[in-house]
1. Please give, to one decimal in nm, the separation of the simple spin-label points placed at MET182 and TYR163, each 7 Å out from Cα toward the Cβ.
2. For region 1-158: lysine pairs with Cα atoms under 23 Å, gap of 8 or more or different chains, count?
3. Any idea what Rg and Dmax come out to for region 2-188 if you just take the C-alpha atoms, in Å?
4. For each of TRP83, TRP129, count neighbouring Cβ atoms within 10 Å of the residue's Cβ, then give the residues from fewest to most.
5. Please work out the C-alpha center-to-center distance from region 1-80 to region 110-189 and express it in whole Å.
6. Would you compute, from DSSP H runs of 4+ residues alone, the mean residue ellipticity of the chain at 222 nm, taking -39500 (n - 2.57) per run and dividing by the full residue count, rounded to the nearest 500?
7. Loop-only trypsin sites (Lys or Arg not before Pro) in region 24-105, please: DSSP not H, G, I, E or B, and at most 15 other Cβ atoms within 10 Å.
8. Once amide H atoms are placed 1.01 Å from N in the peptide plane, what residues at a sequence separation of 5 or more from SER18, or on another chain, have their amide H within under 5 Å of its amide H?
Amino acid sequence: MRDWIASYIEAQKAALDSIPVEQVESVIRKLKEAHVEDRQIFVFGNGGSASNASHFATDLGKGSSDALGKRFKVLSLNDNVSWITAIGNDYSYEDIYLRQLENYGQAGDIALTLSVSGSSPNLVKAFEWAKANGLHTIALVGGKRGKLAEIASETIVIDDTHYGRAEDCQMGIAHMLCYAFMEVDELKA
């Protein structure tokens, strides 16, 4: 058991070390631009990545907004169960995020998705629509990269395909994206 735990921790450290600093910085700057321009930020995922999307929206919408004194316009599309089930039932599960973006998304907004596989059909379909309609698309994906990495305007790749480790890294990145606005003076100006 101890060997397994030690191996898991070692693999987690390697996954964390794979996070590309330059891409994280680029996304922070894009979020700052959206904040200044009053753009909407839509975030979404499936399973554990959906939980991370909800957590990210909370931290950016509350903590980062509190630090800046001006609110981020951020919405987690996976948090409205009634809407998701209505869309899934009446259209298709693949449409649960696409249909919401059709209601809210405008050119210049940001669509940010988190996905370990990078190939979930509902995320891909939403990103295809977002890209075609002028939204800036950002994907946090695992080592397989998937279709999202091909579509996204910006991609942050976590070089691990293990769902637990990749999702832990997603949350670490999400915290960096939020805490930068709480802790980095140049972003507060």
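1. 2.9 nm
2. Lysine pairs, 8 or more places apart or on different chains, close enough: 19.
3. 16.1, 51
4. With the fewest neighbours first, TRP83, TRP129 line up as TRP83, TRP129.
5. After rounding, the separation between the Cα centres reads 8 Å.
6. Using -39500 (n - 2.57) per qualifying helix, the result is -17000 deg cm²/dmol.
7. Here the sparse-neighbourhood loop sites are LYS70, ARG71.
8. Under 5 Å from the amide H of SER18: ASP159.
Each value in this text was obtained by applying a stated rule to the coordinates, not by laboratory testing. This one's a predicted model, so the numbers in the text were calculated from it and none came from an experiment. Cβ: placed from backbone, ideal geometry, glycine included. Neighbour counts: every protein chain shown.
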